[in-house]
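**Student:** Pasting a structure below so you can have a look.
The values are calculated or read from the model by the stated rules, or taken from the named source; none is laboratory data. Just so you know, these numbers come straight off a predicted model, no measurement behind them. Note: ideal-geometry Cβ built from the backbone for every residue, glycine included; neighbour counts use all protein chains shown.
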Protein chains: 2
Amino acid sequence: MYITGLKLHPIAIADPPLRSSYGLHAPFALRTIVELETTGGLTGISETYGGDGPLAALEAAREHVLGRDPFQLTGLMASLTAETDAAAVAGGRTQTYLVPGENPLDRHMRTFAALEIACLDLIGKAVGKPVCDLLGGRARDQVAFSAYLFYKHAGGGGVGGDARHDEYGEVLDPTAMVRETRQMIAQYGFHEIKLKGGVLDPATEVATIQALRREFGPSFPLRIDPNCAWSVETSVAVGRALQEDLSGGGYLEDPCAALEGMAEVRRRLMAEGNLTPLASNVAVTCLADVPAAQRLDAVQIVLSDPHYWGGLRQVQTLGNLCGVLGLGLSMHSNSHLGVSLMAMTHAAAACPHLTYACDTHYPWQTAQDEVVAGGRIPFVNGCVQIPAKPGLGVDLDYDQLARGRERYQKIPYRKRDDEAEMRMHVDPDWKRILPRW
Amino acid sequence: MYITGLKLHPIAIADPPLRSSYGLHAPFALRTIVELETTGGLTGISETYGGDGPLAALEAAREHVLGRDPFQLTGLMASLTAETDAAAVAGGRTQTYLVPGENPLDRHMRTFAALEIACLDLIGKAVGKPVCDLLGGRARDQVAFSAYLFYKHAGGGGVGGDARHDEYGEVLDPTAMVRETRQMIAQYGFHEIKLKGGVLDPATEVATIQALRREFGPSFPLRIDPNCAWSVETSVAVGRALQEDLSGGGYLEDPCAALEGMAEVRRRLMAEGNLTPLASNVAVTCLADVPAAQRLDAVQIVLSDPHYWGGLRQVQTLGNLCGVLGLGLSMHSNSHLGVSLMAMTHAAAACPHLTYACDTHYPWQTAQDEVVAGGRIPFVNGCVQIPAKPGLGVDLDYDQLARGRERYQKIPYRKRDDEAEMRMHVDPDWKRILPRW
């Protein structure tokens, strides 16, 4: 079995006006669907970041992909890594200031991930096994996800005649957030709750977490992620205010920037006997960051994500590393469809040392945009089941894929820029300032 | 495909009277050949430690093996680990005083490894791929091994009518060791050289390494492994004397016991500008040991071995961990036949971060004992090639296997005890004393 074709499908999917410290989600999120065709007639698929950059990086990898045996992934990684941008490496890691998918230093890992996942789908189909079972066998048959709550403006995403129904309405205060959460949990059955913070003043966000705790009680662990919007001082103050509310399986995610800042927050909270763990997918974005994060005690939980950590085997490696170093493991997410959801589910199923429910943006997308045949992936009791079908367990709906491509062609967006959206729709003078509070 | 049969073949193989700080090799080494039979009619094989203990541990795993899908290895590991001997764990790790294969704390990892390797052989055969390609794809097509030199008494191993030809004669001084090395390199083409030390007084062993350096020059990196026979003081003195001779890709392996001792040797050598790296497979025998070894700078090179690190995926995990922590990776060996050699070769091929030629005892065994169909595995230029055949790439010669079983039945040995052999054949008062010098 050799790879004979690489098809790249840039698509756009409606996305509600969600807020974060990066700014505002555009009405459409960009994704790329990858298809690998083989001599045997099988097709492997994956989903990754969208827009010009990721597309160009995948296009540049074409010569390393065509003619390759999909089992030979170590060689593919070596080929891509050999072309790492030396200037970007010299410039250091700047994830703090970049939206996910736009760190030049991670580019080859993201490109490799998209290809690895499609190869694993191919291998699974060839062998008749679900992807997680190609990686040593599943640690679990179903994967728990977390409710992922955003402050948002009114609107369901999309534009004009291509606008989506606004399921959740405007959510810009604690009361509305409790409503949003109730609604999402009623629909999906989640048992853990993540609040995207860094949007309103910290006192309101603290009040939001407190309201969620009152509403759902300690059996629904809470996490809050302001994406580095806070100073060390504010992070400590929030950690102090929320000590009880984040206890019992919750965490504080990237309250402030950089390992040094995180370490200081940790030190000061620990000095008060506050054990709230700190999680990160900003201060820690590659394997080399992990030992430093542990040494400084800056991060107690690392957020994996097959899309940018370099695929499913790299997530396993990260999980093993976290296990050895005594760190927890959770999973990060971006706006995505069902192919990504299945890759995340298989990655999580293949990690014995997964210690938290995974993030997913999936509730924010709609059936109208789903490219998976048969429609949206079901959640039962907050979990996605590993399908009995081989590979990722999902196929493409080519009509839906064509609609996604058409949508992409019609819109002007070619790169995620939440800051520009924020200026256009909310505040013409808005800038991302870190720390803001 | 489900496992329907587990066959365990205890065998004995002739072994020459090799010396180490553990004592003397018995005339026969013990191994176990594992066969897994499946519903589909395929058979997977592996080779592991021999004698009563390993056999009983594998027998005890039978209930977890029968009926299992060989892809479901994470579940198998979990089942075996659940039965870890709590008393052994509480007693801590005692590898310093135990011959390889006899640490009760590692027992479930060794048992799992034997089963994992046979499962990977099965999967490879079912899928039509070499084992290394099931693990993400090979990092190399051939694996370099090191000449593994022992001081020895006269004799080729075996007893009476079942004795083997003595290829190398008595080797108990530097001159004889140079001859042994020349002979082994002429036959196998090795480009790196390991001397098992801890046998003669350190001055003679230093002279041996110096003689080897004079004979082979700096293009043949040298390593010496006295298995903890030296004090910190002696280790430093040897490291000092051999600074030049071990440079250029050589190392000092387990000169003394425990991470603390190794760390002190390192500190004192480094203070003199002596960068000779320290390797270990005694102070570091599980993943949890690795960060501590790195933190103390006690070990710069970890010796993997699929047989006791828990199989091929665990060796990959170890390799990734070493890569992240900036440690080198080499591979340890024990007396073994061709099935083990192929497992070691596939493990090494699947580790991008392998930084040294691997150890192998293979030259010390003979065709008369080999259980692999077609006879001994060829070395070309010191390397073993990954075969094009699926799985491990070797099959069993059942007549040879039967002879190995008969040999096992005839001999009294059921556990490796180099100390007892030493007392019986060399010195009735011999004890393993650490440090001896």
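**Student:** If A:Arg140 satisfies all but one of (1) within 14 Å of chain B (Cβ to nearest Cβ); (2) at pLDDT below 90, what's the number of the condition it fails?
**Tutor:** Exception for A:Arg140: condition (2).
**Student:** Next up: State all residues of region A:404-437 that are buried (at least 18 other Cβ atoms within 10 Å of the Cβ), of a type in the set (D, E, K, R) and assigned to a loop (DSSP other than H, G, I, E, B); if no residue qualifies, say none.
**Tutor:** Correct list: A:Arg416, A:Asp417, A:Arg432.
**Student:** Among the listed residues A:Leu115, A:Leu105, which satisfies the condition of being closer than 28 Å to A:Ala347 by Cβ, within 14 Å of another protein chain (Cβ to nearest Cβ) and either touching a residue at least 24 places away in the same chain (Cβ under 8 Å) or crowded, with 19+ Cβ neighbours inside 10 Å (or both)?
**Tutor:** A:Leu115
**Student:** Inspect all residues belonging to region B:369-380 and state whether any of them is assigned to a helix (DSSP H, G or I) and assigned by TED's automatic domain parsing to the domain that holds B:Ala144.
**Tutor:** Checked region B:369-380: no residue is assigned to a helix (DSSP H, G or I) and assigned by TED's automatic domain parsing to the domain that holds B:Ala144.
**Student:** Which residues, taken from region A:22-63, are over 14 Å from A:Asp417 (Cβ atoms), part of a loop (DSSP other than H, G, I, E, B) and at pLDDT 95 or above?
**Tutor:** Residues satisfying the conditions are A:Thr39, A:Gly41, A:Leu42, A:Ala61.
**Student:** A:Ser280 is checked against (1) surrounded by fewer than 18 Cβ atoms within 10 Å (Cβ to Cβ); (2) in contact with a helix residue (DSSP H, G or I) (Cβ under 9 Å, 6 or more places away or on another chain); (3) polar (S, T, N, Q) and fails just one. What number does that condition carry?
**Tutor:** Condition (1) is where A:Ser280 drops out.
**Student:** Assess whether A:Ser231 counts as being away from every other protein chain (no Cβ under 14 Å), within 20 Å of A:Asn274 (Cα to Cα), touching a residue at least 12 places away in the same chain (Cβ under 8 Å) and among the small types (Gly, Ala, Ser).
**Tutor:** yes
**Student:** Scan region B:64-80 for residues that are among the hydrophobic types (A, V, I, L, M, F, W, C) and part of a helix (DSSP H, G or I) and jot them down. Quick ask: steps written out before the conclusion?
**Tutor:** Filtering region B:64-80 for residues among the hydrophobic types (A, V, I, L, M, F, W, C) gives B:65-66, B:71, B:73, B:76-78, B:80.
Within region B:64-80, B:Val65, B:Leu73, B:Leu76, B:Met77, B:Ala78, B:Leu80 meet the criteria.
**Student:** Can I ask one more? Among the numbered criteria (1) under 19 Å from A:Asp225 (Cβ atoms); (2) within 12 Å of chain B (Cβ to nearest Cβ), which single criterion is violated by A:Ser333?
**Tutor:** Tallying (1) under 19 Å from A:Asp225 (Cβ atoms); (2) within 12 Å of chain B (Cβ to nearest Cβ), A:Ser333 fails exactly one: (2).
**Student:** While we're on this one: Output the number of the condition that A:Lys7 fails; it satisfies all remaining conditions of (1) more than 21 Å from A:Leu396 (Cα to Cα); (2) at pLDDT 95 or above; (3) surrounded by fewer than 17 Cβ atoms within 10 Å (Cβ to Cβ).
**Tutor:** (1)
**Student:** Continuing with the same structure: Quick check on region A:51-66: of everything there that is touching a residue at least 24 places away in the same chain (Cβ under 8 Å), more than 17 Å from A:Pro104 (Cβ to Cβ) and more than 14 Å from every other protein chain (Cβ to nearest Cβ), which residue is surrounded by the fewest Cβ atoms within 10 Å (Cβ to Cβ)?
**Tutor:** A:Arg62
**Student:** Please go through region A:350-367 and pick out each residue that is touching a strand residue (DSSP E or B) at 6+ places or on another chain (Cβ under 7 Å) and in a loop (DSSP other than H, G, I, E, B).
**Tutor:** A:Cys351, A:His353, A:Leu354, A:Thr355, A:Tyr356, A:Ala357, A:Asp359, A:Thr360, A:His361, A:Gln365, A:Thr366
**Student:** Working only within region B:22-51, note down all residues that are acidic (Asp, Glu) and within 22 Å of B:Ser333 (Cβ to Cβ).
**Tutor:** Taking region B:22-51 and keeping what is acidic (Asp, Glu), we get B:35, B:37, B:47.
Of everything in region B:22-51, just one residue is acidic (Asp, Glu) and within 22 Å of B:Ser333 (Cβ to Cβ), namely B:Glu47.
**Student:** Pick from region A:374-403 the residues that are farther than 25 Å from A:Ser330 by Cα and of a type in the set (Gly, Ala, Ser): which of them is surrounded by the fewest Cβ atoms within 10 Å (Cβ to Cβ)?
**Tutor:** A:Gly374
**Student:** Residues to consider are A:Gly128, A:Gly124, A:Gly155; find the one that is away from every other protein chain (no Cβ under 12 Å), out of contact with any Ser or Thr (no Cβ under 9 Å at 6 or more places or on another chain) and either over 13 Å from A:Gly393 (Cα atoms) or touching a residue at least 40 places away in the same chain (Cβ under 8 Å) (or both).
**Tutor:** Of A:Gly128, A:Gly124, A:Gly155, the one residue that is away from every other protein chain (no Cβ under 12 Å), out of contact with any Ser or Thr (no Cβ under 9 Å at 6 or more places or on another chain) and either over 13 Å from A:Gly393 (Cα atoms) or touching a residue at least 40 places away in the same chain (Cβ under 8 Å) (or both) is A:Gly155.
**Student:** Applying the selection to region A:269-327, what residues are among the polar types (S, T, N, Q), more than 17 Å from the chain's Cα centre (by Cα) and within 14 Å of chain B (Cβ to nearest Cβ)? Steps first, please.
**Tutor:** Let us first name the residues in region A:269-327 that are among the polar types (S, T, N, Q), namely A:274, A:276, A:280-281, A:285, A:294, A:300, A:304, A:314, A:316-317, A:320.
Within this subset, residues satisfying the condition of being more than 17 Å from the chain's Cα centre (by Cα) are A:274, A:276, A:294, A:300, A:317, A:320.
Hits for region A:269-327 are A:Gln294, A:Thr317, A:Asn320.
**Student:** Please go through region B:338-373 and pick out each residue that is surrounded by fewer than 24 Cβ atoms within 10 Å (Cβ to Cβ) and within 14 Å of chain A (Cβ to nearest Cβ).
**Tutor:** Result: B:Pro352, B:His353.
**Student:** Assigned by TED's automatic domain parsing to the domain that holds A:Phe220, farther than 24 Å from B:Gly137 by Cβ, small (Gly, Ala, Ser) and not in a strand (DSSP E or B): which single residue out of A:Ser340, A:Ser335, A:Ser330 fits that description?
**Tutor:** Going through A:Ser340, A:Ser335, A:Ser330 in turn, just one is assigned by TED's automatic domain parsing to the domain that holds A:Phe220, farther than 24 Å from B:Gly137 by Cβ, small (Gly, Ala, Ser) and not in a strand (DSSP E or B): A:Ser335.
**Student:** B:Phe190 fails exactly one of the following numbered conditions: (1) within 14 Å of chain A (Cβ to nearest Cβ); (2) in contact (Cβ under 8 Å) with a residue 40 or more places away in the chain. What is the number of that condition?
**Tutor:** (1)
**Student:** Could you tell me whether B:Pro27 is buried (at least 24 other Cβ atoms within 10 Å of the Cβ), not β-branched (Val, Ile, Thr) and not assigned by TED's automatic domain parsing to the domain that holds B:Pro226?
**Tutor:** For B:Pro27, the condition - buried (at least 24 other Cβ atoms within 10 Å of the Cβ), not β-branched (Val, Ile, Thr) and not assigned by TED's automatic domain parsing to the domain that holds B:Pro226 - is not met.
**Student:** Select the strands (runs of 3 or more DSSP E) contained entirely in region B:205-299, then report the ones holding at least 3 residues which are outside the structural domain of B:Glu192 (by TED's automatic domain parsing) and of a type in the set (A, V, I, L, M, F, W, C).
**Tutor:** none
**Student:** Please work out which one of (1) surrounded by 24 or more Cβ atoms within 10 Å (Cβ to Cβ); (2) assigned to a helix (DSSP H, G or I) is the condition A:Val178 fails and give its number.
**Tutor:** Tallying (1) surrounded by 24 or more Cβ atoms within 10 Å (Cβ to Cβ); (2) assigned to a helix (DSSP H, G or I), A:Val178 fails exactly one: (1).
**Student:** Name the residue, out of A:Gly156, A:Gly169, that is within 22 Å of A:His25 (Cα to Cα), under 21 Å from the mean Cα position of the chain (by Cα), part of a loop (DSSP other than H, G, I, E, B) and not hydroxyl-bearing (Ser, Thr, Tyr).
**Tutor:** A:Gly156
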